[in-house]
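The values are calculated or read from the model by the stated rules, or taken from the named source; none is laboratory data. Since the structure is predicted, the reported quantities are computational estimates derived from the model, not experimental observations. Because the Cβ atoms are built from the backbone with ideal geometry, glycine has one as well, and the counts that use them run over all protein chains shown. Surface accessibility is based on the protein's heavy atoms, side chains included, excluding ligands, DNA and RNA. Shrake-Rupley method; radii C 1.70, N 1.55, O 1.52, S 1.80 Å.
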Amino acid sequence: MTLWHKLRPYSMVAPAIIVFSVFFIYPIFYMIYLSFFDWNFVSPTKSFVGIQNFVDLLTEPEFRQVLSNTTLYTILTVTLTTGLSLLLALWLNRGNFFYGIVQGAIFSPHIISLVSISLLWSWIMDPEYGLLNWVIGLFGFGKLQWLAHPSTSLISLVIVAVWKGIGYNTLVFIAGLQSIPADIYEAASLDRSRPWTTFTKLILPMLSPTIFFLVIINMIGSFQVFETIAIMTQGGPVNSTNTLVYYIYQYGFRFFKIGYASAAGVILLVIVGILTIIYFKLLSNRVHYR
Amino acid sequence: MTLILRLVNAAGLLLLVLIFAMPFVWMLSTSLKTLPETMIFPPEWIPRHPVWKNYIDAWNTGPFLHYIMNSVIISVSILVLQMLTIIPASYAFARYKFAGSGFLFGVVMVTLMIPEQLIFLPVYLELSTFKLLNTHLGLILPFASSAFGIFLLRQAFRQISDELLEAARLDQAKEWKIIVRIMVPMVKPVLVTFALFSFIAHWNDYFWPLVMTTNDVARTLPIGIAKIREVEGVGTWNILMAGNLILVAPILAVFSLSQRHIIKAFVYNGVK
């Protein structure tokens, strides 16, 4: 083997690895480093403050609310999206032309910019003239404030996220359902297995890799929610929809507290890291692999 | 199935389509209304006298031709650079044994797990040191490679049989020729899938251009649309929805023409 043969693979992976190192790996360490400093971006000196930023963050009621907002948003979005999508997949899993149209319709929001969706839903959720208040009015409900009131603002954002995400999730579930061999269903129906038993004992275990995949994808997506908040609520009213990424954005770009914002970034990094590890540890044992 | 069950099923399907299509129809309807017409409750679906001028007003709130050009330049450049970096890297990871490949692939997987929303602040500071804020390069370079693309393409390269490669090598073909002429064409469906995925993602992106730009030099279409509200004022939903349609219509049109293919690209290849 010549020297070139040894070096060739490295030269092939180098461009990608350089990009990742400069724009992903190094920034992680740089962010951790910055989190120990008090720095406003403009001043030439950074002053070392140790773990003070973290102490400040965790004792700050505003930040605690941001943490609980993010958690609540993630739990609601992930369970609703995954659960409803599974039901829709069981219903829509047909090859028929009409089902194809329905699948296309529910999928379409997935490829639309979050800017468009946020603007559109801000209008739909307008308290005075919005379409949503008209729709719930048909069922006898009074007008709701949706994004304008802290009691409904977070759930309004969840509704938008579920509306956007459900089509993609449903089609992934349908792909999962279609990869289950047909003879397994036949065996179950020959055994006169009841639908519920077939579902819990057969479909659910066979689908568990798909469920696992979707829960992780949805969680990572929910934790980085930004666009809908930036456009629809700006974190308000009274901080009720402020979440981690938006909070970091506010402190970094509006108040120029770089160290403080970096510390919040490190906390987000730790949370995402822990969740990923927990999921891999807990679910990898239970997930059914073929 | 009995007739009643069929009807219930059909009604359910129709309701489902309505839930997902109605918002877009509502957007179109609003975009053609006068401002007083948007303030009628209960809402009316058909505008009395379609106001096409809303589209001109929306277009005139900013340099939209410039925004569109920026969107094209940035999305296409990202796509080309990604192709140039992910094809060789994924091929090396799939086909060569080399010391440290496990570690380097680990770097790729970590990148796959880290959302860019998590590290935008340090990257912003980095780009500001390089004097790349408010430039096209600043919006392109961070995405010059894609961990997702490497992951996807590596799987595809792995599935190509060894016999084919051996046969080509016996013919004394140069390795790079084998890659360009034989291997890359074989993974073309995956490349097309990835290209679609990447282009739509960066065409739609709002977060990165918002964070990395403070003026119109490198700003893209989504920023321009979101800014209409600042120019026209809060509550001018008719102008805002007209602008929004400029952003949504091309994607929805392409989608309705090649729905099957796009869905397959987004969904099925990602799962397997």
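Anything in the range B:18-43 that is at the interface with another protein chain (Cβ under 8 Å from one of its Cβ atoms), under 26 Å from the mean Cα position of the chain (by Cα) and open to solvent by 40 Å² or more (accessible area, probe 1.4 Å)? List them, or say none.
B:Ile19, B:Met22
Filter the range A:160-195 down to residues that are in contact (Cβ under 8 Å) with a residue 24 or more places away in the chain and either under 30 Å from B:Pro42 (Cβ atoms) or open to solvent by 60 Å² or more (accessible area, probe 1.4 Å) (or both), then give me how many there are.
The initial filter retains those residues of the range A:160-195 that are in contact (Cβ under 8 Å) with a residue 24 or more places away in the chain, namely A:160-178, A:180.
After this cut, where a residue has to be either under 30 Å from B:Pro42 (Cβ atoms) or open to solvent by 60 Å² or more (accessible area, probe 1.4 Å) (or both) as well, the list is A:160-167, A:178.
Matching residues across the range A:160-195 total 9.
In the range A:61-83, which residues are open to solvent by 60 Å² or more (accessible area, probe 1.4 Å) and within 16 Å of A:Ile211 (Cβ to Cβ)?
A:Ile75, A:Thr79, A:Leu80
Among (1) open to solvent by less than 70 Å² (accessible area, probe 1.4 Å); (2) outside any helix (DSSP H, G or I); (3) of a type in the set (A, V, I, L, M), where does B:Ile46 come up short?
Tallying (1) open to solvent by less than 70 Å² (accessible area, probe 1.4 Å); (2) outside any helix (DSSP H, G or I); (3) of a type in the set (A, V, I, L, M), B:Ile46 fails exactly one: (1).
Can you tell me how many residues within the range A:115-124 are more than 30 Å from B:Asn9 (Cα to Cα) and more than 7 Å from chain B (Cβ to nearest Cβ)? Before you say what the answer is, go through the steps one by one.
Filtering the range A:115-124 for residues more than 30 Å from B:Asn9 (Cα to Cα) gives A:115-116, A:118-119, A:122-123.
Imposing the further condition that a residue be more than 7 Å from chain B (Cβ to nearest Cβ) reduces the set to A:118, A:122.
Going through the range A:115-124 one residue at a time, the tally reaches 2.
Just one of A:Ser262, A:Ser193, A:Ser208 is within 26 Å of A:Leu57 (Cβ to Cβ) and not β-branched (Val, Ile, Thr); which is it? Explain how you work it out, then say what you get.
Working: A:Ser193 fails: within 26 Å of A:Leu57 (Cβ to Cβ); A:Ser208 fails: within 26 Å of A:Leu57 (Cβ to Cβ).
Answer to the selection: A:Ser262.
Anything in the range B:88-108 that is open to solvent by 30 Å² or more (accessible area, probe 1.4 Å) and closer than 16 Å to B:Val190 by Cβ? List them, or say none.
B:Pro88, B:Arg95
Checking B:Arg48 against (1) in contact with a Phe, Trp or Tyr (Cβ under 8 Å, 6 or more places away or on another chain); (2) more than 9 Å from chain A (Cβ to nearest Cβ): exactly one of these is not met. Which one?
Every listed condition holds for B:Arg48 apart from (1).
Looking only at the range A:251-277, count how many residues are open to solvent by 20 Å² or more (accessible area, probe 1.4 Å), under 19 Å from B:Met212 (Cβ atoms) and facing chain B (nearest Cβ under 10 Å).
Here the count works out to 2.
What helices (runs of 4 or more DSSP H) completely inside the range B:130-224 contain at least 1 residues that are more than 22 Å from A:Tyr249 (Cβ to Cβ) and under 16 Å from the mean Cα position of the chain (by Cα)? Steps first, please.
Values: elements: B:136-140, B:147-158, B:162-170, B:188-204, B:207-212.
The helices (runs of 4 or more DSSP H) meeting that bar are B:147-158, B:188-204.
If a residue has to be touching a helix residue (DSSP H, G or I) at 6+ places or on another chain (Cβ under 8 Å), open to solvent by 20 Å² or more (accessible area, probe 1.4 Å), in a helix (DSSP H, G or I) and within 7 Å of chain B (Cβ to nearest Cβ) to count, how many in the range A:125-147 make the cut?
Residues in the range A:125-147 being touching a helix residue (DSSP H, G or I) at 6+ places or on another chain (Cβ under 8 Å), open to solvent by 20 Å² or more (accessible area, probe 1.4 Å), in a helix (DSSP H, G or I) and within 7 Å of chain B (Cβ to nearest Cβ): 0 in total.
For B:Leu125, all conditions in the list (1) out of contact with any helix residue (DSSP H, G or I) (no Cβ under 9 Å at 6 or more places or on another chain); (2) among the hydrophobic types (A, V, I, L, M, F, W, C); (3) within 13 Å of another protein chain (Cβ to nearest Cβ) hold save one; what is the number of the exception?
Among (1) out of contact with any helix residue (DSSP H, G or I) (no Cβ under 9 Å at 6 or more places or on another chain); (2) among the hydrophobic types (A, V, I, L, M, F, W, C); (3) within 13 Å of another protein chain (Cβ to nearest Cβ), the lone unmet condition for B:Leu125 is (1).
Could you tell me which residue of the range A:247-263 is nearest to A:Ile32 (Cα to Cα), considering only residues that are in a helix (DSSP H, G or I) and in contact with a Phe, Trp or Tyr (Cβ under 6 Å, 6 or more places away or on another chain)? Outline the logic, then answer.
Within the range A:247-263, the subset in a helix (DSSP H, G or I) is A:247-254, A:258-263.
Imposing the further condition that a residue be in contact with a Phe, Trp or Tyr (Cβ under 6 Å, 6 or more places away or on another chain) reduces the set to A:251, A:258-261, A:263.
Details: A:Tyr251: 16, A:Ile258: 11, A:Gly259: 9, A:Tyr260: 11, A:Ala261: 11, A:Ala263: 7 Å.
Checking each candidate, the answer is A:Ala263.
Could you please find all residues in the range A:151-171 being touching a Ser or Thr at 6+ places or on another chain (Cβ under 6 Å) and farther than 10 Å from A:Thr82 by Cα? Write out each step before concluding.
If we filter the range A:151-171 for residues that are touching a Ser or Thr at 6+ places or on another chain (Cβ under 6 Å), which is where we start, we get A:153-154, A:157-158, A:160-162, A:165-166, A:169-170.
Passing the criteria: A:Ser153, A:Leu154, A:Leu157, A:Val158, A:Val160, A:Ala161.
Take B:Ile246 and decide whether it is buried (at least 17 other Cβ atoms within 10 Å of the Cβ), of a type in the set (Val, Ile, Thr) and within 27 Å of B:Ala58 (Cβ to Cβ). Break it down into steps so the answer makes sense when it comes.
Details: buried (at least 17 other Cβ atoms within 10 Å of the Cβ): yes; of a type in the set (Val, Ile, Thr): yes; within 27 Å of B:Ala58 (Cβ to Cβ): yes.
When the stated conditions are applied, B:Ile246 passes them.
So, B:Gln117, is that one within 23 Å of the chain's Cα centre (by Cα), at pLDDT below 90 and buried (at least 23 other Cβ atoms within 10 Å of the Cβ) or not?
Details: within 23 Å of the chain's Cα centre (by Cα): yes; at pLDDT below 90: yes; buried (at least 23 other Cβ atoms within 10 Å of the Cβ): yes.
Taking the combined requirement at face value, the residue satisfies it.
Checking the structure you have, find out if any residue of the range A:87-105 is in contact (Cβ under 8 Å) with a residue 40 or more places away in the chain, more than 30 Å from B:Leu240 (Cα to Cα) and open to solvent by 40 Å² or more (accessible area, probe 1.4 Å).
Yes, the range A:87-105 contains a residue that is in contact (Cβ under 8 Å) with a residue 40 or more places away in the chain, more than 30 Å from B:Leu240 (Cα to Cα) and open to solvent by 40 Å² or more (accessible area, probe 1.4 Å).
Here is a yes/no grid of residues against (1) farther than 18 Å from B:Lys264 by Cβ; (2) out of contact with any Phe, Trp or Tyr (no Cβ under 7 Å at 6 or more places or on another chain); (3) of a type outside the set (A, V, I, L, M):
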position: A:Phe97; (1), (2), (3): no, yes, yes
position: A:Ile111; (1), (2), (3): no, no, no
position: A:Ser116; (1), (2), (3): yes, yes, yes
position: A:Met125; (1), (2), (3): yes, no, no
position: A:Tyr129; (1), (2), (3): yes, no, yes
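With the requirement that a residue be assigned to a helix (DSSP H, G or I), β-branched (Val, Ile, Thr) and in contact (Cβ under 8 Å) with a residue 24 or more places away in the chain, what does the range B:49-75 give you? It would help to see each step written out before you state the result.
Here is the first cut: in the range B:49-75, the residues assigned to a helix (DSSP H, G or I) are B:53-59, B:64-75.
Now drop any that are not β-branched (Val, Ile, Thr), which leaves B:56, B:68, B:72-74.
Answer for the range B:49-75, where residues must be assigned to a helix (DSSP H, G or I), β-branched (Val, Ile, Thr) and in contact (Cβ under 8 Å) with a residue 24 or more places away in the chain: B:Ile68, B:Ile73, B:Ile74.
State yes or no: is B:Val231 β-branched (Val, Ile, Thr), open to solvent by 30 Å² or more (accessible area, probe 1.4 Å) and in contact (Cβ under 8 Å) with a residue 40 or more places away in the chain?
Details: β-branched (Val, Ile, Thr): yes; open to solvent by 30 Å² or more (accessible area, probe 1.4 Å): yes; in contact (Cβ under 8 Å) with a residue 40 or more places away in the chain: yes.
Spelling it out, B:Val231 is indeed β-branched (Val, Ile, Thr), open to solvent by 30 Å² or more (accessible area, probe 1.4 Å) and in contact (Cβ under 8 Å) with a residue 40 or more places away in the chain.
Within the range A:161-198, which residues are within 14 Å of chain B (Cβ to nearest Cβ) and in a loop (DSSP other than H, G, I, E, B)?
A:Ser179, A:Ile180
Quick test of your reading of the structure: B:Phe194 fulfils all but one of (1) at pLDDT below 95; (2) surrounded by fewer than 22 Cβ atoms within 10 Å (Cβ to Cβ). Name the failing condition by number.
(2)
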